[in-house]
Amino acid sequence: MKNGFLLLISLFLFLLAIDLIGHSFKLLNKEVVESIISLTSNPFIGLFIGLLITALIQSSSTSTSMVVAIVASGSIGLTEAIPMIMGANIGTTLTSTIVSLSFITKKEEFRKAMSAGVVHDFFNILVVIILFPLEYYYGVLSSLSAAISTLIVGNNYGVIQN
């Protein structure tokens, strides 16, 4: 009972924080918003922004949640956000490699930990290698996510912004 209540409170605070991030981006002045949009208009730069943010804060969930809040505030569009989320997925591979380094004094455990971390690295990098060109040239992920959100919400509320 107590654990369920704590989980509900934590979830509420998490969603409240995401909502506050979205509202804070709405309050930014026009020059800041334009600089954010100009940076993310290049998908390659967006990919590296997502990677850098995740590498710095060591949490792909936090960086992805921030990107979702920025999209919800209308500061950037879905097509600009997708490369940032892909970059966050690559950036999270650094976390697993850093964790595996904590076993460096124990040779056998280090080998196993590094192997598991490298599998995670390769998986995320290969997914981006496959999906990034599909999104860049054809907009596969943005079209698919817009269609799914239309099915769920019932109306396309300008999901794809240019």
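Compute the acute angle (0 to 90°) between the alpha-carbon long axis of helix 60-73 and the principal axis of greatest extent of the alpha-carbon atoms of the chain; round to the nearest 10°.
0 degrees
Simple spin-label model, 7 Å along Cα-to-Cβ: residue 103 to residue 14 in nm?
2.6 nm
Go ahead and estimate [θ] at 222 nm for the chain from helices alone: -39,500 (n - 2.57) per DSSP H run with n ≥ 4, summed, over the residue count, rounded to 500.
On the way: 7 runs with 135 residues, N = 162.
Helix-only estimate at 222 nm: -28500 deg cm²/dmol.
Expressed as a rounded percentage, what relative contact order does the chain have, with Cα pairs under 8 Å and six or more residues apart?
Details: 165 pairs, mean separation 34.5, N = 162.
The value is 21 percent.
Please give the helix 43-57 orientation as an angle from the longest Cα principal axis of the chain, in degrees from 0 to 90, rounded to the nearest 10.
50 degrees
What residues from the range 61-79 fall in the zone where the backbone N is under 17 Å from a label point 7 Å along the Cα-to-C-beta line of residue 45?
75-79
Treating only the Cβ atoms of Lys and Arg (+1) and Asp and Glu (-1) as charged, compute the dipole magnitude of the chain about its Cα centre; round to the nearest 20 debye.
On the way: 7 positive and 8 negative charges, 91 e Å.
So the magnitude is around 440 debye.
To the nearest 10 degrees, how steep is helix 107-138 against the longest Cα principal axis of the chain, on a 0 to 90 scale?
That helix lies at roughly 20 degrees to the long axis.
With the Cα gyration tensor of the range 30-162 in hand, convert its eigenvalues to equivalent ellipsoid semi-axes via √(5λ) and list them largest first in whole Å. Let's see the in-between values first.
On the way: eigenvalues 202, 53, 32 Å².
Taking √(5λ) for each eigenvalue gives 32, 16, 13 Å, largest first.
Computed from the coordinates by the stated procedures, all read-outs in this text should not be read as laboratory data. All figures in this text were calculated on a predicted structure; none of them were measured in a lab. Methodologically, a virtual Cβ is constructed for each residue, glycine included, from the backbone with ideal geometry; neighbour enumeration extends over all protein chains shown.
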